[in-house]
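Novice: Encoded as structure tokens, here's the structure I'll be asking about.
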Amino acid sequence: MKRVTFRAEKILGDELEPGDLFSTAGPEVWDHVDERMSIGEKVYIRTNAPKEQASDGHMPIFRVHIKEVA
């Protein structure tokens, strides 16, 4: 079975690049994913919309990093 780890990095919304995964939940959720035994968690994908038009670009969010482990 493939295993992965998750890391939530706190940033502002306008720091995201198109295709980045992000969440409103931080390390308190992502550091304990395996303990919940859930097959899914809510993440969002940064779209191609211009940063200048985003009304929520100044809001703190968490970029989600996923790393495969052996």
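The values are calculated or read from the model by the stated rules, or taken from the named source; none is laboratory data. No experiment lies behind these values; they were computed from the predicted model shown. Counting neighbours? That spans all protein chains shown, and the Cβs are built from the backbone with ideal geometry, glycine included.
Novice: Which residues, counting only those in region 6-23, are within 23 Å of Ala70 (Cβ to Cβ) and either in contact with a Gly (Cβ under 8 Å, 6 or more places away or on another chain) or among the basic types (Lys, Arg) (or both)?
Specialist: Arg7, Ala8
Novice: Does Asp34 satisfy the criteria of being without any contact (Cβ under 8 Å) to a residue 12 or more places away in the chain and either more than 11 Å from the chain's Cα centre (by Cα) or exposed (fewer than 13 other Cβ atoms within 10 Å of the Cβ) (or both)?
Specialist: Yes: the conditions hold for Asp34.
Novice: Right, next: From the residues in region 37-46 that are out of contact with any Pro (no Cβ under 8 Å at 6 or more places or on another chain) and touching a residue at least 12 places away in the same chain (Cβ under 8 Å), which one is surrounded by the most Cβ atoms within 10 Å (Cβ to Cβ)? Talk me through it step by step, then tell me what you get.
Specialist: Kept after step one, since they are out of contact with any Pro (no Cβ under 8 Å at 6 or more places or on another chain), are these residues of region 37-46: 37-45.
Filter once more, keeping what is touching a residue at least 12 places away in the same chain (Cβ under 8 Å): 41-45.
On the way: Glu41: 13, Lys42: 8, Val43: 18, Tyr44: 13, Ile45: 10.
Out of the qualifying residues, it is Val43.
Novice: I would also like to ask the following. Does Gly26 meet the test of being in contact with a Gly (Cβ under 8 Å, 6 or more places away or on another chain) and either among the β-branched types (Val, Ile, Thr) or surrounded by 10 or more Cβ atoms within 10 Å (Cβ to Cβ) (or both)?
Specialist: On the way: in contact with a Gly (Cβ under 8 Å, 6 or more places away or on another chain): no; either among the β-branched types (Val, Ile, Thr) or surrounded by 10 or more Cβ atoms within 10 Å (Cβ to Cβ) (or both): yes.
It is false that Gly26 is in contact with a Gly (Cβ under 8 Å, 6 or more places away or on another chain) and either among the β-branched types (Val, Ile, Thr) or surrounded by 10 or more Cβ atoms within 10 Å (Cβ to Cβ) (or both).
Novice: Just to be sure I understand the filter: pairs with C-beta atoms under 7 Å, separated by 6 or more residues or on different chains, first member in region 6-27 and on the phi > 0 side of the Ramachandran plot, second member surrounded by fewer than 15 Cβ atoms within 10 Å (Cβ to Cβ). Which pairs pass?
Specialist: These pairs meet every condition: Gly19/Ile45.
Novice: Related question: For region 47-61, check the following and say yes or no: at least one residue is assigned to a strand (DSSP E or B) and surrounded by 10 or more Cβ atoms within 10 Å (Cβ to Cβ).
Specialist: The initial filter retains those residues of region 47-61 that are assigned to a strand (DSSP E or B), namely 60-61.
So of that shortlist, the ones also surrounded by 10 or more Cβ atoms within 10 Å (Cβ to Cβ) come out as 60-61.
So far as region 47-61 goes, yes, one or more of its residues are assigned to a strand (DSSP E or B) and surrounded by 10 or more Cβ atoms within 10 Å (Cβ to Cβ).
Novice: What about Arg3, is it at pLDDT 95 or above, under 18 Å from Val69 (Cβ atoms) and of a type outside the set (S, T, N, Q)? If you could, list the steps in order and put the result at the bottom.
Specialist: Numbers: at pLDDT 95 or above: no; under 18 Å from Val69 (Cβ atoms): yes; of a type outside the set (S, T, N, Q): yes.
Judged against the criteria, Arg3 is not a match.
Novice: Still on this structure, I have one more. Being under 16 Å from Val4 (Cα atoms) and not in a loop (DSSP other than H, G, I, E, B) is the filter here; which residues of region 33-46 pass it?
Specialist: Within region 33-46, Val33, Asp34, Glu35, Arg36 qualify.
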